[in-house]
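Structure, as structure tokens:
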Amino acid sequence: MLAEGHFKQRQLSTPDAFLSAKKAITSISGLKLAYYFYNYKPDDISEFFKTVIHNRGEKAEFFTNKESTFKWLWISKPD
């Protein structure tokens, strides 16, 4: 799954990040969540979010480059 867009400043606490990650996970086994945000700088909360998802057997990653995002998702870049 790909989420793309502008990233707005957030004020997310660690418990809020935990709850957000739990909500992002569905019952679909093998789900890969790619977050492609323009001008985004991952931080400790981003890493914690990914860890919560990974600990539940799914994959998530943050990207600032569309080509890298598509490569990680194993899809061809659209024309």
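The values are calculated or read from the model by the stated rules, or taken from the named source; none is laboratory data. Everything numeric here is computed off the predicted structure, so don't read it as measured data. Glycine gets a Cβ as well: all are built from the backbone with ideal geometry, and neighbour counts include every protein chain shown. We work out accessible area using only protein heavy atoms, side chains counted, and drop any ligands, DNA or RNA first. Shrake-Rupley method; radii C 1.70, N 1.55, O 1.52, S 1.80 Å.
Please determine whether any residue of region 52-59 is open to solvent by 70 Å² or more (accessible area, probe 1.4 Å), free of Cβ contacts under 8 Å to residues at least 60 places away in the same chain and of a type in the set (Gly, Ala, Ser). The answer is no; no qualifying residue exists. Criterion first (surrounded by 15 or more Cβ atoms within 10 Å (Cβ to Cβ) and of a type in the set (S, T, N, Q)) does Ser29 satisfy it? So Ser29 fails the test. Only residues that are assigned to a loop (DSSP other than H, G, I, E, B) and in contact with a helix residue (DSSP H, G or I) (Cβ under 8 Å, 6 or more places away or on another chain) were counted in region 14-54, giving 1. Pairing residues of region 4-23 that are aromatic (Phe, Trp, Tyr) with residues that are open to solvent by 90 Å² or more (accessible area, probe 1.4 Å), at Cβ distances under 8 Å and at least 6 apart in sequence or on separate chains, gives Phe7/Asn39.
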